[in-house]
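Only one structure is covered here, and it is reproduced in the block below.
The values are calculated or read from the model by the stated rules, or taken from the named source; none is laboratory data. Since the structure is predicted, the reported quantities are computational estimates derived from the model, not experimental observations. Methodologically, a virtual Cβ is constructed for each residue, glycine included, from the backbone with ideal geometry; neighbour enumeration extends over all protein chains shown. Accessible surface areas use protein heavy atoms only, side chains included; no ligands, DNA or RNA. Shrake-Rupley method; radii C 1.70, N 1.55, O 1.52, S 1.80 Å.
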Amino acid sequence: MNHIRLHRRTTAAALAATALLALAACGDGGTTDAATGGGKQPAAVEVAGVNVKRDAKLHTSLPESVKKSGTVRVATDVPYAPFEMFVTEGEKELTGLDYDLGQAIGARLGVTFAFTPQKFDGIVPAIQAGKFDVAMSAMTDNKERQAVVDFVDYSVSGSGIMVVKGNPEKITTLDDLCGKKVAVQAATNQLDLLKTHQKACQKAGGGAIGIQTFPKDSDAQLALRADKVVAQVLTKPAAGWTAKTADGGKAFEVVDDPAASGGYNASPNGIAVSKKLPELTDAIQKALQSLIDDGTATKIFAKYGVESIAVKEATRNAAVD
């Protein structure tokens, strides 16, 4: 299953404590109530240290219903670090990459992106039923979903390699894992990736990867800290967030393979938009592209340690299979 959320619950649980500590230490005011209402946006909204200003032309291009309400209703499944998180466990304030990006897009369009938690498997049906206009929830753009919603793609992500700070084994690619012990969560795409790569290791004569499976990502990270393995393979976004937040960024770092900047077996992630609102899809795409062009999007991705998964062009329905 080509899906960024294949094992989302265990990943989210493993990162939750780290996420909350980091947010308490470095929040920038980019939060909202989970059921934020509509209303007119101010002239500028601060997101990731950037004042994002409204574009009058883009606002004019919005559907009449959105202009009238001043609100885009956004579904999101929380938590899934670093894309969507609660600022404080048990409370409603949201933060995360998707939330910040949504606030920036809303500010550029001159409307409020109002986020509401919704279980992941119910998001697309809720958009079809008219309960939401869009979804921002680390959703993989694929052909099956394109049949019922349109996507504006903002990232490309797959599997990444995380090592201890300083990368003492000088690991730069998957091939460097041959003949070494590597941690991975059981029953994930990342485990399949390592198993598949064994043939390449054998062909290169580097020895098989010593795959060590763990029930949770946090257990794998303990093994990495203890030098029982030389690396951990996990989703690239989770790797980036963990490296940024664990021990204040002093414990781990992510290997950035130039041949797979978004991660291995990467797929596009997009903002899902109701097919009943094509003008909204167009406006979101143009707003996102403007945020990419002026550097705002880069700063948002950098805030969460995942610059490498950002796209340079806001594409539509990028998945082809």
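What to note about this one:
- For Asp321, the solvent-accessible surface with a 1.4 Å probe is about 140 Å², rounded to the nearest 10.
- Simple spin-label estimate for Lys275 and Ala129 gives 1.9 nm between the two label positions (7 Å along the Cα-to-Cβ direction from each Cα).
- If R0 equals 45 Å, the separation of the Cβ atoms of Ala147 and Thr213 corresponds to a calculated FRET efficiency of about 0.80.
- Relative contact order [Cα under 8 Å, 6+ residues apart], segment 151-305, whole percent: 38 percent
- In the structure shown, the pairs Lys67/Lys286; Lys53/Lys286; Lys195/Lys216; Lys195/Lys244; Lys181/Lys203 are assessed against 21 Å; a Cα-Cα span above that value is assigned to Lys195/Lys244.
- The residues of the chain expose on average 42 square angstrom of accessible surface per residue, using a 1.4 Å probe on protein heavy atoms.
- Summary value for segment 241-321: 33 percent relative contact order, contacts being C-alpha pairs under 8 angstrom separated by 6+ residues.
- DSSP-defined beta bridges in segment 154-261 - what % are antiparallel, rounded to 5: 50 percent
- Note on Ala43 and Ala259: the model spin-label points, each 7 Å out from Cα along the C-beta direction, lie 5.2 nm apart.
- Derived scalar couplings ³J(HN,Hα) [segment 107-115; Karplus, 6.51 cos²θ - 1.76 cosθ + 1.60; whole Hz; x for Gly, Pro]: 4, 5, 7, x, 9, 9, 8, 9, 8
- Most mobile of Leu177, Leu193, Leu101 in a GNM of the chain (Cα contacts under 10 Å): Leu193
- Each residue of segment 165-173 is assigned a 3J(HN,Hα), and the resulting list reads 4, x, 6, x, 8, 6, 7, 10, 9 Hz, derived from the Karplus form 6.51 cos²θ - 1.76 cosθ + 1.60 (θ = phi - 60°), x at Gly and Pro.
- When the convex hull of its Cα atoms is viewed from all sides, the chain shows a mean projected area of 15.4 nm².
- Environment charge at Gly179 (Cβ cut-off 15 Å; Lys +1, Arg +1, Asp -1, Glu -1): +2
- Residue separation of Lys53 and Ala226 scaled by 0.36 nm, minus their Cα-Cα distance, works out to 57.5 nm of gained length.
- Amide H contacts under 5 Å for Gln185, placed H, 5+ residues apart: Phe214
- Kirkwood Rh in Å, taken over segment 145-285 so that all alpha-carbon pairs contribute: 16.3 Å
- The modelled label-to-label distance between Ser65 and Asp247, using points 7 Å beyond Cα along the C-beta direction, is 5.2 nm.
- Sulfur and carbon atoms: percent of accessible area, segment 129-267 [1.4 Å]: 50 percent
- Charged side chains reduced to their Cβ positions (Lys and Arg at +1, Asp and Glu at -1) give the chain a dipole of some 260 debye around its Cα centre.
- Length available on full extension from Asp192 to Lys165: 0.36 nm per residue minus the Cα-Cα distance, which gives 7.2 nm.
- With contacts taken as Cα pairs under 8 Å at a separation of at least 6 residues, the chain carries a relative contact order of 24 percent.
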